[in-house]
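Presented below is the structure to which this report refers.
Computed from the coordinates by the stated procedures, all read-outs in this text should not be read as laboratory data. Since this is a predicted model, take the numbers as computed values, not measurements. In this analysis, Cβ positions are derived from the backbone assuming ideal geometry, glycine residues included, and neighbour counts consider all displayed protein chains.
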Amino acid sequence: MTQTARTAPGKHAARRSDRRRDRRTAPVPAAAPAGGIPAAQVAAPAGEAGSMSHREILEAMSGLLLALFVAMLSSTVVSNALPRIVADLHGTESGYTWVVVATLLTMTASTPVWGKLADLFSKKLLVQTALVIFSVGSAAAGVAPNMGSLIAARALQGLGVGGLTALVQVVIASIVTPRERGRYSGYIGAVFALATVSGPLVGGVIVDTPGLGWRWCFFVGLPVAVAAFALLQKTLHIKTVRREAHIDYLGAILIAGGVSVLLVWVSLAGTNFGWGSLTTVWLVGIGVAMLLVAAVVEVRAVEPIIPLRLFHDRTTSLATFASVLIGVAMFGSTVYLSQYFQLAHGMSPTRAGLMSVCMVGGLLVSSIGTGRIITRTGRWKRYLVSGMVLVIVGLALLSTIGASTSLLRVGIFMAVLGLGLGATMQNLVLAVQNNTAQKDMGAASSVVAFFRSMGGSIGVSALGAVLSHQVSAHVVAGLTRLGIDPRSAGGSKGSVPNLADLPAPVRGVFESAFGDATGRIFLVAVPFAAVALVAVLFIREVPLRTTIERGDELTGTGAGDGAVASDGSAATEPERRPVGASRAR
């Protein structure tokens, strides 16, 4: 006891010296949250990943970005080859749909599971595991002898893609502080742009090159996946916090099952069965029931897949809600632009794919620009709000397009939408991560991605039904004016014949129908974006912290269970204590 009493003052003096040194060397943030000290005064623990240099972070991110690129390329490179694939394997229209739905289903349903696993186990090992699963699925798809095998392989491939898209954000949050994370979001935007633009071009070249064929659309990503695996092994070094793992198997099964059933419903309704049919009632009932049971299980689970306590934070709740609406508005409307260019303007699939450069270019410029400004100032909400305003303006402008709209105008409208999306998508994730404890980072990051994907799936199906109805109505009316029976031209049920084989007047009816109907779905998407803007306006701005871990995690005080502080703000900084408080205790 006496020895302890003699050495204690020396320890306190050393601690005071450390605090003075930290205050001298740490950068001063733009502002501090109410009731807390400036974020920069909280020094990262020795050896923490936040002390990595810019070059070390880029080296660590190289393998991650390569893995993300191959995951996104797997979707875009196959898009132009799907008609040839289905024809060669003697598939049906239903099989065509399931080739797309299988990947979407497993990718979306597995996202929260991958995120939770990242909170419990080695993130590096999980990324490499996802790469292996993706590679096995790609190889199986490349040698598939029939449609059934191809659909199963695409489902396995989607499982790996879900892991890669979810884990990249989580790993970056483990090595880069929220304050610095904005400058690196541009690299993710660049990968997205490269995969989106190059995928259709590479796929078109592979399909049309003698000696290759569509199977190489699946094989082309394998060397890239192997290179990403090796690069991750060499450059990615992050510490794994060891803790007792309790895997919520029942919750994972119920969440994945419920989401899968609802995705099957939104993907097939309107084509394989009616929206108001008995099949719809059964699928919706089963899906909702499984998710309700999952909510009960999650409340009682030791380590829930989606910790419901995360939604106690207003930022997380509003950002998740906004992500669903952005998914509906963005994915649900823009996915049909390629069809618009091909059918309303008579462009080839490759040229139609190149038109995406306009939107992706705007996204890239906005993502990099706002990211660097946010890193410099620490303020992010103004760019999130302005981004949502641009999204609404872009959708409203695109709602005016038709078959006769010039490609230059359409390209400008797409660029405006891209600028808004670039300032919105990454910053919603950043806002959530800034308020989240490191122990829940995987779950919180994946929740945003999960609900955005769900919104996109719902939007693609619902707005697709609107498009089909509008096209059918325009075609029937146009053919009737020409004195032609719509059924003889394939327009009675919204089917699209080969436009090149049609007489000029009939072809003009179909081109006009698709041009006008595409503008209508953008108009339908505007209210969803407007509601998302309202949600963003109510998000409370918390200055970005300059440490990897949240303040209460560093000190062992405050909302240690991952909840927010008692005042409703993020517990980003340690509580202010009077001088000598530690000695009194």
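For residue 126, the shell of other residues with beta-carbons less than 11 Å away shows a net charge of +2, using +1 for Lys and Arg and -1 for Asp and Glu. Report, in listed order, any pair from 123/381; 234/381; 124/381; 381/439 with a Cα-Cα distance greater than 27 Å. With Cα atoms farther than 27 Å apart: 123/381; 234/381; 124/381. For region 49-238, the equivalent ellipsoid derived from the alpha-carbon gyration tensor has semi-axes of 31, 17, 13 Å in decreasing order.
The stretch between residue 406 and residue 271 holds 45.4 nm of extra length on full extension. This uses 0.36 nm per residue minus the Cα-Cα distance. Placing R0 at 30 angstrom, the Cβ-Cβ distance between residue 281 and residue 253 gives a FRET efficiency of 0.80 after rounding to 0.05. For region 49-238, the relative contact order comes to 43 percent (Cα pairs under 8 Å, sequence separation of at least 6). The ranking of 340, 249, 187 from fewest to most other beta carbons within 10 Å of each one's beta carbon is 249, 187, 340. Restricting region 371-400 to trypsin sites (Lys or Arg not before Pro) that sit in a DSSP loop and have at most 16 other Cβ atoms within 10 Å of their own Cβ leaves 379. Relative protection proxy for 59-67, 269-277, 156-164, 226-234, from highest mean packing down: 156-164, 59-67, 226-234, 269-277 (other beta-carbon atoms within 10 angstrom).
The stretch between residue 299 and residue 230, if pulled fully straight at 0.36 nm per residue, gains 20.9 nm over its current Cα-Cα span. Cβ-to-Cβ counts within 10 Å put 120, 73, 194 in ascending order as 194, 120, 73, the fewest first.
By count of other Cβ within 10 Å, fewest leading, how are 247, 548 ordered?
247, 548
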